1. Residues with beta-carbon under 11 Å from that of I151, excluding I151: net charge, scoring Lys, Arg +1 and Asp, Glu -1?
2. Would you tally the net charge around Q135, using a Cβ to Cβ cut-off of less than 15 Å, leaving Q135 out, and scoring K and R as +1, D and E as -1?
3. Which residue, G28, G86, G59, tops the fluctuation ranking in a GNM of the chain built on C-alpha contacts under 10 Å?
4. Report, by chain and number, residues whose modeled amide H sits under 5 Å from the one on G263, excluding near sequence neighbours (fewer than 5 apart, same chain).
5. When the Cα atoms of the range 262-363 are enclosed in a convex hull and the volume is divided per residue, what value in Å³ results?
6. How big is the gap, in Å, between the Cα center of the range 281-350 and the Cα center of the range 45-120?
7. With a/c under 1.5 counting as rounded, go ahead and sort the range 140-246 into rounded, prolate or oblate using the C-alpha gyration tensor (a ≥ b ≥ c being the square roots of the eigenvalues; past the cut-off, prolate if a/b is larger than b/c, else oblate).
8. What is the magnitude of the charge dipole of the chain about its Cα centre, with +1 placed on the Cβ of each Lys and Arg, -1 on the Cβ of each Asp and Glu, and no other charges, expressed in debye to the nearest 20?
Amino acid sequence: RYNFCAGPAALPEAVLARARDELLDYHGRGLSVMEMSHRSNEFVAIAEQAEADLRQLLGVPSNYKVLFLQGGASLQFAMLPMNLLGQGGSGNFIQTGIWGKKALNEAKRLGFSHNVAASSEASNHTAVPAQDALQVSADAAYLHYTSNETIGGLEFDYTPHAQRDDGANVPLVCDMSSNILSGPLDVSQFGVIYAGAQKNIGPAGLTLVMVRDDLLGHAPSTTPSLFDYQLLADAGSMVNTPPTYAWYLAGLVFQWLKDDMGGLNAMDALNQRKADKLYAAIDGSGFYSNPIAPRNRSRMNVPFVLADATLESAFLAEAEEAGLLNLKGHRSVGGMRASLYNAVPEAAVDALIAFMADFEQRRG
Ligand code: PLP
């Protein structure tokens, strides 16, 4: 069976098997990782190894803190303005879909100054605005974007940038929830990168935040401790009990990426191949379609519709019978969506393409 769920998503089988082997008795210690104190030597070693492996995979520079938090990517929508606008200035947002809008709305809700620097709404979010279309406000404290819109299936094909009037770069903040670790990344271009874990990192309940040192320490003193990046960084993400088991599983995923999959360049090539195949199958049929501009088509989330929408439920039921799970599109947009995260093997894409061709032949 293959799981195309958008999140919580498939985890690598090798990771699940190792977690199962270690479930009741971690390395002969006589207890499960779930039962360990987060302050114990055993757990601290697990936590530090996970961070070291992530730093190595992504080449995270030493002037960035890596935080392992709770609250999901959605809590970061609020924590970002709380931490980065505490001294004034405005949050600038590139809008390319539902998640970017939620990030903007949370800043609005908290009463922070904000500006929409560019939006793809006029094209119904089918093409990412070009770099020259960005209109960043003079008081911009950061520029936020969503590198991959999980619902629309729209992915940036470039890294945006903006300068202040004095020539300094505006810190770039990116929600990478659904495409982090899908390929190599130049972390030094960013002020903050964040991601909910439940797609390419691990299970739900963990949120990864990477923040450049100069952006720490700007939250007002009334900010709750758990929302203050500086305090979280000072405490090694252990101001309170962290999501220990999810952190451990994320560490297993990082090891799998390094040791089993050959790192992020290899992952990049594999993800490109998987996505190219599926889009080619969609484009080559008169029955399936995807509306996104080719250069912005997401490699991770491939939405598509059938020429005859009345066949959708039959498509989903038959796909499920064929072992192809969770292909239903997001409830807000309908249609189909195949999520092709790192843990989805190429064989899953081949099986989906074969099923789609067969369905089209029989029902199209
Ligand atoms: N941002 C993106 C791009 C997402 O895909 C999601 C969830 O699917 C979120 C944010 C929200 O994440 P969470 O549920 O961890 O708050």
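1. Net local charge, I151 excluded: +3.
2. Around Q135, the surrounding residues sum to -3.
3. Greatest mean-square fluctuation among the candidates belongs to G28.
4. Counting only residues 5 or more places away or on other chains, the set is K258.
5. Dividing the Cα hull volume of the range 262-363 by its residue count gives 102 Å³.
6. Computed from Cα coordinates, the inter-centre distance equals 29 Å.
7. Cα axes put the range 140-246 in the oblate bin.
8. 480 debye
Each value in this text was obtained by applying a stated rule to the coordinates, not by laboratory testing. All of these numbers come straight from a predicted model, not from anything done at the bench. Positions of Cβ are generated from backbone atoms using ideal geometry, with glycine treated the same way; all protein chains shown enter the neighbour counts.
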